[in-house]
Amino acid sequence: MIEIWSPDIKFEGEHKSDIDVTGGIGLKAARGAKVAQNGIEVMMVSGQHPQRVADACIGVATRGTKVVYNS
């Protein structure tokens, strides 16, 4: 897992379009970077772990990927 990601970091993610209609992790990260570019904190967490989602929503440190924009 990548703890902090920015558009400067290259990675290869696999998009399984037959089960993922959201565009895959690459698209999520790219959209997150656009949001982060405006000074808004972005945290990607697994929806399979409801407590992580809840923690991220209230600013509690949790396992996931912080998306930042470096220009």
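Bear in mind that the values in this text are calculations on the coordinates, not laboratory data. For clarity, every value in this text was computed on a predicted model and none was experimentally measured. Quick reminder, even Gly has a Cβ in these numbers, built from the backbone with ideal geometry, and neighbours come from all protein chains shown.
Observations on the structure shown:
- Test result for K34, free of Cβ contacts under 8 Å to residues at least 40 places away in the same chain, on the phi < 0 side of the Ramachandran plot, under 9 Å from the mean Cα position of the chain (by Cα) and part of a helix (DSSP H, G or I): no
- Criterion violated by I9 - all others in (1) in contact (Cβ under 8 Å) with a residue 24 or more places away in the chain; (2) surrounded by fewer than 16 Cβ atoms within 10 Å (Cβ to Cβ) satisfied: (1)
- Residue match in the stretch 16-27 (condition: assigned to a helix (DSSP H, G or I) and touching a residue at least 24 places away in the same chain (Cβ under 8 Å)): no
For every residue, the table says whether it meets (1) surrounded by 13 or more Cβ atoms within 10 Å (Cβ to Cβ); (2) touching a residue at least 12 places away in the same chain (Cβ under 8 Å); (3) in contact with a helix residue (DSSP H, G or I) (Cβ under 6 Å, 6 or more places away or on another chain).
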{"residue": "G39", "(1), (2), (3)": "no, no, no"}
{"residue": "I58", "(1), (2), (3)": "no, no, no"}
{"residue": "T65", "(1), (2), (3)": "yes, yes, no"}
{"residue": "Y69", "(1), (2), (3)": "yes, yes, yes"}
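- Meets criteria (farther than 14 Å from E3 by Cβ and within 12 Å of the chain's Cα centre (by Cα)) for G39: no
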